[in-house]
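The values are calculated or read from the model by the stated rules, or taken from the named source; none is laboratory data. Computed from a predicted structure; not experimentally measured. With ideal geometry, Cβ positions are generated from the backbone for all residues, glycine too; neighbour counts draw on all protein chains shown. Just the protein is used for accessible areas: all its heavy atoms, side chains included, with ligands, DNA and RNA removed. Shrake-Rupley method; radii C 1.70, N 1.55, O 1.52, S 1.80 Å.
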Amino acid sequence: MSETTETGGHAHHGYIEDKSKYLTRLKRIEGQARGIHRMVDEEQYCIDILTQISAITSALENVALGLMDDHLKHCVADAVKLGGAEGELKLKEASDAIARLVRS
């Protein structure tokens, strides 16, 4: 886990300051997915369904990019400042995550 700060004994991830923003976005995406399910159930036009899938894909990519940005600014930056194996591990994790995002 990527924990960057501790307050009151609780570790926090880099995205914690934007948690409500991410939850709002994810709730909207969840609603879009239900909408696509309904469209298929109602046998709506294929292109309309594909358009909605494209919108969800874009929304998820934006969430992923935001999380990656937060991770780099907080978790990775903090680990690199400390140096050593932990810094190298965080850089490798970030690099691997970016590769997964690019492939998807």
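The condition of being open to solvent by 40 Å² or more (accessible area, probe 1.4 Å), closer than 29 Å to GLY31 by Cβ and touching a Gly at 6+ places or on another chain (Cβ under 8 Å) holds for only one of GLN52, GLN44, that being GLN52. ALA11 satisfies every condition listed in (1) exposed (fewer than 14 other Cβ atoms within 10 Å of the Cβ); (2) at pLDDT 90 or above except (2). Filtering the range 59-94 to residues that are of a type in the set (Gly, Ala, Ser) and open to solvent by less than 70 Å² (accessible area, probe 1.4 Å) leaves ALA59, ALA64, GLY66, ALA77, ALA79, GLY83, GLY84, GLY87, ALA94. Does MET68 meet the test of being in contact with a helix residue (DSSP H, G or I) (Cβ under 7 Å, 6 or more places away or on another chain), farther than 20 Å from HIS13 by Cβ, assigned to a helix (DSSP H, G or I) and of a type outside the set (Ser, Thr, Tyr)? So MET68 does not fit the description; no.
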